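A.B. asks: Handing you a structure now.
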Amino acid sequence: MITFVSPTLDYALLAPILIVLGGALIGVLIEAFAPRSARAGSQLFIALTTLLLSLASLIRVRSGASTTAAMESVTFDGAGVLLQGSILIIAIISVFLLADQENFTALAAALPGSDEERTSLQQDLKLTEVYPLALFAVAGMLLFPVSTDLITLFVALEMLSLPLYLLAGLSRRRRLMSQESALKYFLLGAFSSAFFLMGIAYLYGYSAAVSFSGIHAAVIGGSGNDIYLLLGIAFLSVGLLFKVGAVPFHAWSPDVYQGAPTAVTAFMAAATKVAAFGAMLRIFYVSFAEAYWQWRPALIVIALITMVFGSLVAIAQRDVKRMLAYSSIAHAGFLLSGVIALNKSGLDASIFYLFAYGVATVGAFAIVTLVRDSAGEVTDLNRWSGLGKRSPWVATAFAGFLLAFAGIPLTSGFIGKFSIFSAAYESGSTAILITGVLSSAIAAFFYIRVIVLIFFKDPVEDGTSVVIPSVYTQITIAISAVVTFALGIYPTPLINFIQSTAQFLR
Amino acid sequence: MNLANLNLLTLSMLLPLLGTVALAFVPKTNALLTKQIALATTVLVAVVGIAMTISFDFGATGFQFVESREWIPAFGIKYALGVDGIALVLILMSVLLTPIVVIAGWNESEGGRWSPKVFYSLLLVLETMMIGVFASTDVFLFYVFFEAMLVPVYFLIGGFGSGDRAAAAVKFLLYSLFGGLLMLASIVGIFVMSTRYGNRTFDITTLSGLNTVLTPMMENVLFLGFFIAFAIKAPLWPLHTWLPDAAKSATPGTSVLLLGVLDKVGTFGMIRYCLTLFPEASKTFTPMIITLAVISILYGAFLAIGAKDIKRLIAYTSISHFGFITMGIFAMTSQGMSGATLYMFNHGFSTAALFLVAGFMISRRKSSTISDFGGLQRITPIMAWSFFIAGMSSLALPGLSSFVSEFLVLVGTFTRYPVAAIIATFGIVLAALYILIPVQRALHGPTTPGNENLKDLTLREKIAIAPVISIIVILGFYPSPLLNIINPAAATVVSQQGFSDPAPTMSEGKK
């Protein structure tokens, strides 16, 4: 007879996740019961308060460490705190972007072009469901990098993915494209989830365990059948690499980046990367470290291809969101070198890079939301020309974010790049260093081309203009810019904090 | 930190930044106040630079005006400054040139894409970085300045230049970034190696011992990362193609800083980083580098002879001159090293003079084609004489400053690489051609139609050009104050390579 053991949960350590889930549920209740007019304001307030409370509770327990925060399923450790903190900070600054409701369709259920859609637009309905959806996604992201068994990892993956699939389809303009991108994201995501599950099955077959520590023990023990381990790692990696957008599992990302409402793209591009790389770092560092000869060569090849491919294809892009998508693919390649490094400096560098890149990404997409004409956002790069003349500050901020992506000194991107490449080289991977540096040179080319376009070309007279940023968007841009440059000029406090905190408990 | 013991180097870097902050509060419409603030700031920095030179201890070895603070201790990175004679001379050159550029470019800033405020803010930020790049004694800090410097220059060329300025700015930036990224790979290499050998640091003095533990292969690779970046900066054939475009498109003032100061970072880097960090690799590559340098000398000279545009002409002459400097550095003799350093200083001023006068001519004639000028000697005598003297300095006429340095370089090279020195001597003959031909076309001969009413130099322009010409003439007759500063440092660098000067077989080198 099976006896049911009631789980012991360490609520203090789980509080950051639980608070966000609670906030999301309150948001759902507000959707159900509050009058339409009161929703927008209260939803923003609740989302923001939730995230801040969650961050506060995370700070409160920052030095806590436990491998049994929720039985064996969740481990709370230094690296987890840093990753969760990064996710929360990125979520906080991007939630301001969600507040700009211009981005979203009025009634998600209405068919594009239907009468229903027209009336909903005339009534000026606000789509406030985005807040609870975003909060659910955040909760999933918070859980993802601290999960230490494969089942919880899968649940977290789905928890963060499903709301994002929905959010991607909510764009107000070009709704068909938005919905198409959402469907693509969903189908490919579901496909990769299937691979992920397959990987779990193989790993269970190999180790007779689903917990990371159990798999680790099996890897050390070496009694299992290595074929199953190899297959398990391969399939599991497909799911993870899909989420981070590494080649050859990147196909969704340009379309989704372009089709999704820009506010969602910002949030997704930044926060998902932190969560997915966080989980990837944990499982590779904790469970598979001793089997590195099984996966490292393959992952190195993927990293190299991803860097080069992302940088090269980005050159050909004429749409700013697609360009940023390919640039994020290239950055996924750089970040993979942190996973490959498999040493403490690789972990530190990855966490720094993730945070710095995430913040700059939110800032860059926030600026994309500002460049509009009468039909909404203008993402065609040619129509961005001369932006510096019309709105020097917005253009300067955008150039700053691009320089950070390009890794120019005195921006956060440079410190990130330096530390992640040196970690990879420290672990003996010369190929990563050389290819990384060369593809950075290629990448610099298209970032600079955009800077040329916005500063040195004359404006086109076609009604493209920069809207005065709402207070919310201003906050987002200001915080992102300050963080990006502060981390470039004096990164020591953060680096020291990461260095002393970041570690995975087994 | 209290103000009294503020390091002079830090002070000279801080002042331009304060100037930039002050500029931020000037209303955009008040261009005059903007210029005045910029001028006051740069003059003040020049005064600090002169004060530093005066209080510099000639006899002492090692770095002076040292300051060292933790910056990113996790990576062993320090905010570490200090100068030896070589760096000091280059800083002095930079801080003297900047106010001259401000005066000369009084009107240049008006015609740009943005307001003068932007021009002078960029210029001041650039000045901070120029000082920083020469003053850093931490390799990482050097790299930060080396790369970050590109951004203001890029906007100065692209925003305020003429012609196809955007394309020239991009070409400049991409070339430099490419070199910079190769150097980044080497810096990562140094970092990992120094960590592996137990002392995680970027301190140049400590790192100079690193080569003893590197494999020759490793040392060669790391050397190349640095050297290619520097060879792009101080354009060495065949990596020079960005320079003529950038020099042509930038404003004359920007060109002065670009060729006069920024390109010197390349040759300075070869001395400070290539030679100090990788002595063995430097020896390995010396024959190749000397060959490239000689090719640059001749190639630049030939292109200069054929140049039709006056700014491109000056750029090509600089390629030739950088060939001389590089040759002097890699000759590994103390005369060659001293000569190369003095050459860097002198080249800064003679190129500045050429570019400034060319700028004055172009702003009057609204053309930079040499054949559009003619008869200037009669119409605008002062301008013509200034151009003449600048040109004579560029071809190293005895009595003008460049002669001393070119002579030293050739002597220093001859004692070790006589063939290279003899071939390079042809560069001097060619220099006579590339300077005298434009002098003849532009200054003498019949007046080209349209030139009759050109005005001679204004008071402002005279104030800008006078100090440059004075320095050229004074140092031509009396170079020893500078050589006193340079020589000990140059001798130190050479002896660190394990070289001693060959015993002179000819008591007098030939010119």
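A.B. asks: Determine if the range A:88-109 includes at least one residue that is among the hydroxyl-bearing types (S, T, Y), surrounded by 22 or more Cβ atoms within 10 Å (Cβ to Cβ), in contact (Cβ under 8 Å) with a residue 60 or more places away in the chain and closer than 19 Å to A:I30 by Cβ.
C.D. replies: The answer is no; no qualifying residue exists.
A.B. asks: Between A:F195, A:F212, A:F235, which is surrounded by 23 or more Cβ atoms within 10 Å (Cβ to Cβ), of a type outside the set (K, R) and closer than 19 Å to A:F284 by Cβ?
C.D. replies: Testing whether each residue is surrounded by 23 or more Cβ atoms within 10 Å (Cβ to Cβ), of a type outside the set (K, R) and closer than 19 Å to A:F284 by Cβ leaves just A:F212.
One line per residue, one yes/no per condition, for (1) of a type in the set (K, R); (2) buried (at least 24 other Cβ atoms within 10 Å of the Cβ); (3) facing chain B (nearest Cβ under 8 Å); (4) under 30 Å from A:V146 (Cα atoms):
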position	(1), (2), (3), (4)
A:L403	no, yes, yes, no
A:I415	no, yes, yes, yes
A:F421	no, yes, yes, yes
A:A424	no, yes, no, yes
A:L438	no, no, yes, no
A:P459	no, no, no, no
A:P469	no, no, no, no
A:V483	no, no, no, yes
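A.B. asks: Being in contact (Cβ under 8 Å) with a residue 40 or more places away in the chain and farther than 25 Å from A:K273 by Cβ, is that true of even one residue in the range A:242-260?
C.D. replies: no
A.B. asks: Return a yes/no flag: does the range A:422-438 have any residue that is assigned to a loop (DSSP other than H, G, I, E, B), hydroxyl-bearing (S, T, Y) and more than 24 Å from the chain's Cα centre (by Cα).
C.D. replies: yes
A.B. asks: Separate question: Quick check: anything in the range B:204-214 at the interface with chain A (Cβ under 8 Å from one of its Cβ atoms), surrounded by fewer than 24 Cβ atoms within 10 Å (Cβ to Cβ) and among the small types (G, A, S)?
C.D. replies: There is no residue in the range B:204-214 that is at the interface with chain A (Cβ under 8 Å from one of its Cβ atoms), surrounded by fewer than 24 Cβ atoms within 10 Å (Cβ to Cβ) and among the small types (G, A, S).
A.B. asks: Just for the range B:136-159: of the residues that are β-branched (V, I, T) and within 8 Å of chain A (Cβ to nearest Cβ), which one is surrounded by the fewest Cβ atoms within 10 Å (Cβ to Cβ)?
C.D. replies: Step by step, filter the range B:136-159, then rank; the result is B:V151.
A.B. asks: Exactly one of these conditions fails for B:W237: (1) crowded, with 24+ Cβ neighbours inside 10 Å; (2) outside any helix (DSSP H, G or I); (3) not basic (K, R). Give me its number.
C.D. replies: The failed condition is (1).
A.B. asks: In contact (Cβ under 8 Å) with a residue 60 or more places away in the chain, buried (at least 18 other Cβ atoms within 10 Å of the Cβ) and of a type in the set (V, I, T) - does that describe any residue in the range A:64-79?
C.D. replies: yes
A.B. asks: So, one more: Collect the residues in the range B:60-96 that are closer than 22 Å to B:T201 by Cα, surrounded by fewer than 24 Cβ atoms within 10 Å (Cβ to Cβ), small (G, A, S) and away from chain A (no Cβ under 14 Å), keeping them in residue-number order.
C.D. replies: Listed by number, the residues that qualify are B:G62, B:S68, B:G82.
A.B. asks: Would you check which residues across the range B:111-152 are of a type in the set (A, V, I, L, M), closer than 20 Å to B:L97 by Cβ and touching a Phe, Trp or Tyr at 6+ places or on another chain (Cβ under 7 Å) and list them?
C.D. replies: Passing the criteria: B:L122, B:M129, B:V133.
A.B. asks: B:K35 versus (1) crowded, with 20+ Cβ neighbours inside 10 Å; (2) not in a helix (DSSP H, G or I): which is the lone unmet condition?
C.D. replies: Tallying (1) crowded, with 20+ Cβ neighbours inside 10 Å; (2) not in a helix (DSSP H, G or I), B:K35 fails exactly one: (2).
A.B. asks: Given B:I297, B:I305, B:I289, which one is out of contact with any Lys or Arg (no Cβ under 9 Å at 6 or more places or on another chain) and farther than 26 Å from B:S334 by Cβ?
C.D. replies: Exactly one residue qualifies, and that residue is B:I305.
A.B. asks: Hey, could you check the range A:441-457 for residues that are within 25 Å of the chain's Cα centre (by Cα) and touching a residue at least 60 places away in the same chain (Cβ under 8 Å) and say which is nearest to the other protein chains (Cβ to nearest Cβ)?
C.D. replies: Applying the filter and picking the extreme gives A:F445.
A.B. asks: Hey, can you tell me all the residues within the range B:4-32 that are in a helix (DSSP H, G or I), surrounded by 11 or more Cβ atoms within 10 Å (Cβ to Cβ), over 24 Å from the mean Cα position of the chain (by Cα) and not hydrophobic (A, V, I, L, M, F, W, C)?
C.D. replies: none
A.B. asks: Report the residue count in the range B:44-76 for those that are part of a helix (DSSP H, G or I), in contact with a strand residue (DSSP E or B) (Cβ under 9 Å, 6 or more places away or on another chain) and not polar (S, T, N, Q).
C.D. replies: Matching residues across the range B:44-76 total 1.
A.B. asks: A further question on this structure: Take the residues in the range A:37-63 that are within 14 Å of A:A12 (Cβ to Cβ) and not hydrophobic (A, V, I, L, M, F, W, C), then tell me which one is surrounded by the most Cβ atoms within 10 Å (Cβ to Cβ).
C.D. replies: Across the range A:37-63, the extreme among qualifying residues is A:S54.
Rule-based calculations on the coordinates, nothing more; no lab input. Only a predicted model underlies this, so the values are computations on that prediction, with no experimental measurement involved. Every residue, glycine among them, receives a Cβ derived from its backbone with ideal geometry; neighbour counts consider all protein chains shown.
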